[in-house]
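Visitor: Structure in structure tokens, see below.
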Amino acid sequence: MFDIGLNLTSSQFAKDRDEVVARAFSAGVSGLLLTGTNLHESEQAQQLASRYPHCWSTAGVHPHDSSSWTPQSVETLRTLARAEQVVAIGECGLDFNRNFSTPAEQEHAFTAQLALAAELGMPVFMHCRDAHARFLELLTPWLDKLPGAVLHCFTGSRQEAAECLDRGLYLGITGWVCDERRGLALRELLPMIPAERLLVETDAPYLLPRDMTPKPASRRNEPAWLGHIVERIAHWRGEDAAWLAAQTDENVRRLFNLRF
């Protein structure tokens, strides 16, 4: 089982990154994709990925950081993308929930990263919150130019899932689905996601699964808990957890062109 979304650059891991990674592999995790959310953290993610076996990274600018986008940003990402550890452009997309960057800034940075991914022949690792229609409007013209795309940490509606799947996107599912307050709608739509389009992730240190027993002493999520998320997803889909873990690993290999 491969964790496609780990924010290992987070300051919450500053004191024990080595132990966090070791615990993940001891718990049966097969690989980690470290998320780059701005230029600095993308560089950090690549450097961390080079330190650990079976770790790769993304390089991109999150919609929250889109106001920092300059013409030089694309050159920085292009250079980073040459590193063997970098296997996707992103995290990129739209977030109209908080608008830390204006919608116009977000759209400009998102489109620029889609163009870069198409130029380099790389998949995109994407974020969308409260922006579904505009997100698809900007993304769709690029899809036939991209080798693949995943909408990570999907928490949308059944219709939004269908529209993403119709366009060939992979959907990343996190421990959000384990939340009895916010995750019930997502839990109900899990069976509609074809197994060959499903990816699993923790989004650690965020989104600690709320239904773990015993509950971890810390509220910090970490990739060692991916097995719990996979088990719960498999349960709600009516599938064997080991089979689903193997299937999602195969999906990772296909989307990101990885060997592990």
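The values are calculated or read from the model by the stated rules, or taken from the named source; none is laboratory data. What you are looking at is a predicted structure, and each value in this text was computed from that prediction instead of being measured. Backbone-built Cβ (ideal geometry, glycine too); neighbour counts: all protein chains shown. Areas reflect the complete protein model, heavy atoms only, side chains present, ligands, DNA and RNA absent. Shrake-Rupley method; radii C 1.70, N 1.55, O 1.52, S 1.80 Å.
Visitor: Restricting to segment 51-63, what's the tally of residues that are within 17 Å of Thr79 (Cα to Cα) and open to solvent by 10 Å² or more (accessible area, probe 1.4 Å)? Working first, answer last.
Guide: Pass one, segment 51-63, residues within 17 Å of Thr79 (Cα to Cα): 56-61.
Now drop any that are not open to solvent by 10 Å² or more (accessible area, probe 1.4 Å), which leaves 56.
Number satisfying all stated conditions: 1.
Listed here are the residues, each with its yes/no results for (1) charged (D, E, K, R); (2) touching a His at 6+ places or on another chain (Cβ under 6 Å); (3) at pLDDT below 95; (4) farther than 15 Å from Ala27 by Cα.
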site	(1), (2), (3), (4)
Tyr206	no, no, no, yes
Thr213	no, no, yes, yes
Arg219	yes, no, yes, yes
Pro223	no, no, no, no
Gly227	no, no, no, no
Gly238	no, no, no, yes
Asp249	yes, no, no, yes
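Visitor: With over 19 Å from Cys153 (Cα atoms), modelled with pLDDT of 95 or more and among the polar types (S, T, N, Q) as the only criterion, which of Gln46, Gln106 stands out?
Guide: Just a single option satisfies the conditions, and that option is Gln46.
Visitor: Provide a single number: the residues in segment 1-18 that are within 11 Å of the chain's Cα centre (by Cα) and surrounded by fewer than 23 Cβ atoms within 10 Å (Cβ to Cβ).
Guide: Residues in segment 1-18 being within 11 Å of the chain's Cα centre (by Cα) and surrounded by fewer than 23 Cβ atoms within 10 Å (Cβ to Cβ): 1 in total.
Visitor: Here is a list of conditions, (1) in contact with a strand residue (DSSP E or B) (Cβ under 7 Å, 6 or more places away or on another chain); (2) not in a helix (DSSP H, G or I), and Val252 meets all of them except one; can you say which number that is?
Guide: Here Val252 meets the rest and fails (2).
Visitor: Mind listing whichever residues of segment 159-174 are in contact with a Gly (Cβ under 8 Å, 6 or more places away or on another chain) and within 25 Å of Pro205 (Cα to Cα)?
Guide: Selection gives Tyr170, Gly172, Thr174.
Visitor: Of everything in segment 84-112, what is open to solvent by less than 30 Å² (accessible area, probe 1.4 Å) and over 27 Å from Phe260 (Cα atoms)? Give them in sequence order.
Guide: Across segment 84-112, the qualifying residues are Gly93, Leu94, Asp95, Ser101, Gln106, Ala109, Phe110, Ala112.
Visitor: What number of residues in segment 158-181 are more than 21 Å from Glu91 (Cβ to Cβ) and open to solvent by 20 Å² or more (accessible area, probe 1.4 Å)?
Guide: Count: 6.
Visitor: Filter segment 59-106 down to the residues that are touching a Leu at 6+ places or on another chain (Cβ under 6 Å) and acidic (Asp, Glu) and list them by number.
Guide: none
Visitor: Moving to a separate point now. Find all pairs meeting these conditions: Cβ atoms under 8 angstrom apart; at least six residues apart or on different chains; first residue within segment 158-169 and closer than 17 Å to Glu188 by Cα; second residue open to solvent by 30 Å² or more (accessible area, probe 1.4 Å) and in a loop (DSSP other than H, G, I, E, B).
Guide: What qualifies is Leu165/Pro194.
Visitor: OK, next. Any chance you could count how many residues in segment 209-247 are open to solvent by 50 Å² or more (accessible area, probe 1.4 Å), farther than 21 Å from Leu32 by Cα and in a helix (DSSP H, G or I)?
Guide: Final tally of qualifying residues: 2.
Visitor: Right, here's the next one. Examine segment 185-194 for a residue that is open to solvent by 60 Å² or more (accessible area, probe 1.4 Å) and among the hydrophobic types (A, V, I, L, M, F, W, C), and state whether such a residue exists.
Guide: Among the residues of segment 185-194, at least one is open to solvent by 60 Å² or more (accessible area, probe 1.4 Å) and among the hydrophobic types (A, V, I, L, M, F, W, C), which makes the answer yes.
Visitor: Need the failing condition index for Glu75 against (1) closer than 17 Å to Ala117 by Cβ; (2) open to solvent by less than 20 Å² (accessible area, probe 1.4 Å), just the number.
Guide: Going through (1) closer than 17 Å to Ala117 by Cβ; (2) open to solvent by less than 20 Å² (accessible area, probe 1.4 Å) one by one, Glu75 breaks only (2).
Visitor: Residues of segment 19-50 being open to solvent by 40 Å² or more (accessible area, probe 1.4 Å), closer than 23 Å to Val200 by Cβ and not aromatic (Phe, Trp, Tyr), which ones?
Guide: Residues satisfying the conditions are Glu19, Ala22, Arg23, Ser26, Ala27, Gly28, Glu41.
Visitor: Still on this structure, I have one more. So, Glu119, is that one under 26 Å from Asp211 (Cα atoms) and surrounded by fewer than 17 Cβ atoms within 10 Å (Cβ to Cβ) or not?
Guide: When the stated conditions are applied, Glu119 does not pass them.
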